[in-house]
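To start, the structure itself, in structure tokens.
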Amino acid sequence: MTEELKLEIQAQPDDTTCGPTCLQAVYAYFSDNIALTKVIAEVPALTAGGTLAVLLGEHALRRGYKASIYTYNLEVFDPSWFADETRGNPVKMHPSKVSAKSTPTPKDKTAQRAYLIERLTQQRRHKSWMKLQTASAAYMQFLELGGNIFMQELNSELIRRFLKKSVPILTGLSSTYLYFTKREVPENCKPDDVKGCPSGHFVVLCGYDKAARTVSVADPYLPNPLGEKHHYDVHLDRLIAAILLGVLTYDANLLVIEPK
């Protein structure tokens, strides 16, 4: 079984605008024509460059979309905040267990948002490092705007769940692992296997081949080590590893945006 979404993506204007470029591609997929320059201007950027998926999600919420984040960032979120046995939370950890009966009601989602905001507030009082403070504040704002945050097992079922519904997935991951290239010097993005650090990146997942176990990727970075065009296929195992290793750069997430 294969599924391929007709999603077009532009080239990112510079090394740090992959996130807004992916977001603009998702908007365009839903026939929401907003200029890339406008998205770049409106999405907050981090001091060190780039942005966070949660800030992209905030932009989508303010634009009238539904937005959900599936996070694997243990720097920001504790797994117990999502576990059933902790608080009777109706959100299941394994996507195969999610059914019509176990899908959270609006009341459940409101309670979950309030709980996550409370835990993030407490965490900020005990951990002072800047990036966690910035990310936590953004996640709290995302939740207050009506966004949802889940932690579910990252596998083919979760990825295919949305693509089968013709919904693209914007993901933050480790480009160092995805491309299997040298790490980069943060100040100038130059490759250096000794002085370099892991690099984060945003791409859009827009198709899959179940038999081949590959996922179609729309990548705003061009040229890139995996293809001469914006679209290429990558093996599921490599993609999942790249997403999880995105935790090194405060990525490691899936951002699902849908029209209301």
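See the values below:
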{"read-out": "Proximal lysines to Lys190, defined as alpha-carbon separation beneath 30 angstrom and excluding residues fewer than eight positions away on the same chain", "value": "Lys38, Lys131, Lys182, Lys229"}
{"read-out": "The stretch 8-69: relative contact order as a whole-number percent, Cα under 8 Å and 6+ apart", "value": "28"}
{"read-out": "Sorted largest first, extent of the chain alpha carbons per principal axis (Å)", "value": "48, 46, 34"}
{"read-out": "Solvent-accessible surface ranking, highest first, for Asp251, Asp108 at 1.4 angstrom", "value": "Asp108, Asp251"}
{"read-out": "Using θ = phi - 60° and Karplus 6.51 cos²θ - 1.76 cosθ + 1.60, couplings along the stretch 120-130 (whole Hz; Gly, Pro as x)", "value": "5, 4, 5, 5, 4, 6, 10, 10, 9, 5, 4"}
{"read-out": "Karplus (6.51, -1.76, 1.60) ³J(HN,Hα), θ = phi - 60°, over the stretch 55-67, in Hz, Gly and Pro reported as x", "value": "6, 5, x, 4, 4, 5, 4, 5, 8, x, 8, 7, 9"}
{"read-out": "The stretch 157-260 - percent of accessible surface contributed by carbon and sulfur, probe 1.4 Å", "value": "54"}
{"read-out": "Solvent-accessible area of His235 with every protein chain in place, 1.4 Å probe, in Å² to the nearest 10", "value": "80"}
{"read-out": "Computed over the stretch 120-232: relative contact order in percent, which uses C-alpha pairs under 8 Å that are six or more apart", "value": "16"}
{"read-out": "Using θ = phi - 60° and Karplus 6.51 cos²θ - 1.76 cosθ + 1.60, couplings along the stretch 74-83 (whole Hz; Gly, Pro as x)", "value": "6, 5, 9, 10, 8, x, 5, 5, 10, 8"}
{"read-out": "Dipole of the chain [Lys/Arg +1, Asp/Glu -1 at C-beta], most positive-end residue of Ala53, Leu222, Leu7", "value": "Ala53"}
{"read-out": "Computed over the chain: relative contact order in percent, which uses C-alpha pairs under 8 Å that are six or more apart", "value": "28"}
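The values are calculated or read from the model by the stated rules, or taken from the named source; none is laboratory data. All values derive from a computational prediction rather than experimental measurement. Here Cβ is always computed from backbone atoms with ideal geometry, including for glycine, and neighbour counts include all displayed protein chains. All accessible areas refer to the heavy atoms of the entire protein, side chains included, with ligands and DNA or RNA removed. Shrake-Rupley method; radii C 1.70, N 1.55, O 1.52, S 1.80 Å.
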